[in-house]
Every structure is written in structure tokens, then in C-alpha cells.
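Worksheet: the structure to be examined is printed underneath.
The values are calculated or read from the model by the stated rules, or taken from the named source; none is laboratory data. Everything quoted here is computed from the prediction, not taken from an experiment. Cβ: placed from backbone, ideal geometry, glycine included. Neighbour counts: every protein chain shown. These accessible areas exclude ligands, DNA and RNA; they are computed on the full protein's heavy atoms, side chains included. Shrake-Rupley method; radii C 1.70, N 1.55, O 1.52, S 1.80 Å.
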Amino acid sequence: MQLIKKLSILLAIMPFAVSAQNPMLTNPLLVHSNKPIPFNKVNAAAVKDATSTLIKVSNYRIGKLTAIPPGKKTVANTLMQFDELSYDLSDLGAKLGVIASTYSDDSTRNEANNQIQILSSYGSDLFLNEPLYKALKQF
């Protein structure tokens with residue numbers, strides 16, 4: 001009984017521990033929500049971190065997507081994963097555009113402009129990624 005109680009407590013607090021560690025959930029530019037973006041928490045470091053984190057996560061997703069054997073591809077594990085990847089890139093790009101156009105802090109605004117270029121180049125390379133193209137074509 002003690003073991004079950006301890007396991008249930010651990011399972012109850014685990015999502016909070018994981019979310020506190022996940023940069024996709026802690027960087028305000030990577031959180032998907034209908035709530036206003038807390039721009040008071042956004043600075044040049046957060047802008048740079050958001051782009052580098054999203055590129056790492058996107059590369060991981062692409063690796064998973066391209067590793068799916070041809071007969072095992074589904075709408076959920078192929079098309080929806082590619083759609084989520086595209087959404088994340090365009091969502092961050094839009095947020096960076098707002099920061100680059102309106103932010104009063106020069107270093108944050110300049111970093112947003114730099115990261116827009118990096119994200120744009122990454123997005124272009126994404127559509128030239130031959131293994132990704134083949135994985136989507138196989139579906």
C-alpha cells in the first residue's frame with residue numbers, strides 16, 4: 001500500500017517537474033497559448049534561446065519522422081508531425097517579427113532581426129531536406 005501511495009504522489013508531481021525543465025514550456029516565445037505573451041520576460045537571450053531550442057527540437061522531430069518505415073507512416077505520425085513542426089516555426093517567426101518591429105530595447109530588437117534570418121534560412125533548408133521530402137512522399 002505504501003508503494004502505491006508513493007508512486008501515485010510521484011506520478012502526480014512528475015508533469016510539473018518535467019514542464020519546469022522543458023525549454024519549450026518555459027521560454028515565453030515557445031509557449032502556445034491564447035494568453036498574451038509576457039513580453040516583460042523577453043530579452044535578447046530569450047530570443048536567441050527560443051530559436052536555437054526550436055531548431056534542436058525540429059531536427060529531433062525530423063529525425064523521428066524520417067526514421068518511420070514506409071509501411072508504418074500514418075496521418076498522426078507523419079502529416080500531423082510535419083504540420084506541428086511547420087506551425088512551431090511560423091509561430092516563432094511571427095513573434096520574432098513583432099519583437100523586431102516594435103520592441104523598444106535595441107539589443108532585443110536586433111537579436112530578433114538576427115534570429116528571423118536564422119529561422120528563415122532554417123525554414124528554407126527544411127523544404128530542401130531530401131530525407132524529409134522522401135518520408136512525406138512515401139506517405
**OP:** With 23 Å as the limit, write out which pairs from Lys73/Lys95; Lys35/Lys56; Lys72/Lys137; Lys64/Lys95; Lys95/Lys134 have Cα-Cα distances beyond it, or answer none.
**Re:** Lys73/Lys95; Lys35/Lys56; Lys64/Lys95; Lys95/Lys134
Original post:
What are the principal axis extents of the Cα atoms in region 30-92, in Å, biggest first?
Top reply: 48, 23, 12
**OP:** First compute the accessible area of region 51-134 with a 1.4 Å probe, then give the percent of it belonging to carbon and sulfur atoms.
**Re:** 58
Subject >> Accessible-area ranking of Asp49, Asp125, largest first, probe 1.4 Å >> reply: Asp125, Asp49
**OP:** Express the relative contact order of region 55-139 as a whole percentage, based on alpha carbon pairs under 8 Å and six or more residues apart in sequence.
**Re:** 38
**OP:** For every other residue with a beta carbon closer than 15 angstrom to the beta carbon of Asp91, add +1 if it is Lys or Arg and -1 if Asp or Glu, then tell me the sum.
**Re:** 0
Original post:
Roughly how many Å² of Ser120 are accessible to a 1.4 Å probe, to the nearest 10?
Top reply: 70
**OP:** Check cross-link reach from Lys41 to the aspartates and glutamates: straight Cα distance under 19 Å, and skip same-chain residues fewer than eight apart.
**Re:** Asp49, Asp91, Asp105, Asp106, Glu111
